[in-house]
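Everything below concerns the one structure shown next.
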Amino acid sequence: MTKVTEKPKINVLLNVTCLTLLMLDSGGGLRLRNISFLIMFYFAMKGVLAYKSVNKTFLIIYIFFLLSLVPGILTSISNSIPIPQILVWLMAFMLIPLFYFYAKGSGLSERCFVLAGAIFSTVVVLLFFGRLMDIGFIVGINDYISSHSDGFFGSKNFLSGDILPNVYFQGTLSVIICGALSLRSKNYFVFCTILLGLMLAPSRFGFIVLLLWASFLFFRKSLTRLMFLPVIFVLIFMLLQSLPFGKELFSVFTGESDAIDIRNGHFMSVYHVFANNPLYFFFGQGPGSTFFSTGISAIADNIEISQLEYIRKYGVISFVVFCVFYFLPFLSRTNSDIFIKGALVLYFIVSFSNPVLFSIFSMLFLAFVYVKIFDKQQLT
């Protein structure tokens, strides 16, 4: 009996560690991501050995997805882009089978995502207030992370005039998935911790999207609750306006943020790429390719709008195939899946503001969704 009860606990601990380190070190600069890969390889081997077949739905759509990437890859090769530079952009896609068998072999669950999101957000909160209060060892940790990762850990001048710490990991928006799932178990403490982490990072769009998701879940089953909707939003508005972050959050709607101008510049620049070579629109400019964006007045290889960047690299035909791959789980009619489906939608939405849709974490979660919804043979 002892082995039966302890094994799932160890699996949960390893899964939470894997997901947390993957969020903290999304780009791999801190070398923490390597630990995540070791855990995934261990459980993936168990998944391969324990199961004799792969879900046909997953296998077929994944093969079609890989084939849709070929024209873009050939374009990169014909333009003499180095193979290692091409593979960097394909890594998350190529690792999907690993993620699939990892999810099967580890008993990966929604709870693991929720716990990982709570730990990650707690780290953000501690780094923020530690720097705000100038606590020596936390400032030292922040400086080390800043010099080894691809996030932003300096100071930010907010629209309110306040200059506050900036604690933005490359994998910050991964907590959107964790926050969306936390509401299934009504774990409001974790949800609020994740919201706080998004506010302090700061991730304005992520904070607002997750707050709207919670509002949708709260009001969708009760017409009586809808009567209080205006009052609740007024109270939230008044609370946020009193915080240094308030104007920054509402700049998403008011247009005061320079992020809108940057994205407009990206959009027009990609449009000119397609106008100059229409074939790129259909088949892509290729992974590893670059272009000049007026949004940042520099050469770019990965702009903030994930969907537009995907079309630029692989073409609109491949993007349609990817969308089928991404949203196929919605064909499941199980009502209990609303939280998983909601997490997929929310992450797709926030990726309009950051190049995160095709990250390792998002592809891992997509593989988990296929196992969760379509595959009944899961380890427990």
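The values are calculated or read from the model by the stated rules, or taken from the named source; none is laboratory data. Just so you know, these numbers come straight off a predicted model, no measurement behind them. Cβ atoms come from the backbone with ideal geometry, glycine included; neighbour counts cover every protein chain shown.
Output the qualifying pairs, or none if there are none: Cβ atoms under 6 angstrom, residues six or more apart or on different chains, first residue in region 33-52 and over 15 Å from residue 19 (Cα atoms) and free of Cβ contacts under 8 Å to residues at least 60 places away in the same chain, second residue crowded, with 17+ Cβ neighbours inside 10 Å and not β-branched (Val, Ile, Thr).
Qualifying pairs under 6 Å: 48/101.
What's the number of the only condition in (1) without any contact (Cβ under 8 Å) to a residue 60 or more places away in the chain; (2) buried (at least 17 other Cβ atoms within 10 Å of the Cβ); (3) under 21 Å from residue 60 (Cβ atoms) that residue 357 fails to meet?
In the conditions (1) without any contact (Cβ under 8 Å) to a residue 60 or more places away in the chain; (2) buried (at least 17 other Cβ atoms within 10 Å of the Cβ); (3) under 21 Å from residue 60 (Cβ atoms), residue 357 misses (3) alone.
Mind checking which residues of region 21-34 are surrounded by 15 or more Cβ atoms within 10 Å (Cβ to Cβ) and assigned to a helix (DSSP H, G or I)? Walk me through how you get there before you give the answer.
Step one: list which residues in region 21-34 are surrounded by 15 or more Cβ atoms within 10 Å (Cβ to Cβ), which gives 21-30, 32-33.
Listed by number, the residues that qualify are 21, 22, 23, 24, 33.
Condition check: touching a residue at least 60 places away in the same chain (Cβ under 8 Å), of a type outside the set (Val, Ile, Thr) and surrounded by 14 or more Cβ atoms within 10 Å (Cβ to Cβ). Does residue 295 satisfy that?
Working: touching a residue at least 60 places away in the same chain (Cβ under 8 Å): no; of a type outside the set (Val, Ile, Thr): yes; surrounded by 14 or more Cβ atoms within 10 Å (Cβ to Cβ): yes.
So residue 295 fails the test.
If a residue must be free of Cβ contacts under 8 Å to residues at least 12 places away in the same chain, of a type in the set (Ser, Thr, Tyr) and more than 22 Å from residue 128 (Cα to Cα), how many such residues does region 182-223 contain?
1
Assess whether residue 240 counts as being surrounded by 13 or more Cβ atoms within 10 Å (Cβ to Cβ) and modelled with pLDDT under 85. Walk me through it before giving the result.
Details: surrounded by 13 or more Cβ atoms within 10 Å (Cβ to Cβ): yes; modelled with pLDDT under 85: yes.
When the stated conditions are applied, residue 240 passes them.
Tell me which residues, restricted to region 47-72, are of a type in the set (Lys, Arg) and within 17 Å of residue 372 (Cα to Cα). Steps first, please.
Initially, region 47-72 is screened for residues of a type in the set (Lys, Arg), giving 52, 56.
Hit for region 47-72 is 56, nothing else.
Checking residue 275 against (1) surrounded by 13 or more Cβ atoms within 10 Å (Cβ to Cβ); (2) part of a helix (DSSP H, G or I); (3) at pLDDT 85 or above, which single condition isn't satisfied?
Only one criterion is unmet by residue 275, namely (1).
Out of all the residues in region 337-347, is one or more modelled with pLDDT of 90 or more, part of a loop (DSSP other than H, G, I, E, B) and buried (at least 19 other Cβ atoms within 10 Å of the Cβ)?
No, the conditions are met nowhere in region 337-347.
Which of the helices (runs of 4 or more DSSP H) found entirely inside region 92-193 contain at least 3 residues meeting this: among the hydroxyl-bearing types (Ser, Thr, Tyr) and buried (at least 24 other Cβ atoms within 10 Å of the Cβ)? Explain how you work it out, then say what you get.
Details: elements: 96-106, 110-132, 136-148, 175-182.
Per the criteria, 96-106.
How many residues, within region 303-319, are surrounded by fewer than 19 Cβ atoms within 10 Å (Cβ to Cβ) and in contact (Cβ under 8 Å) with a residue 60 or more places away in the chain?
Qualifying residue count for the region: 1.
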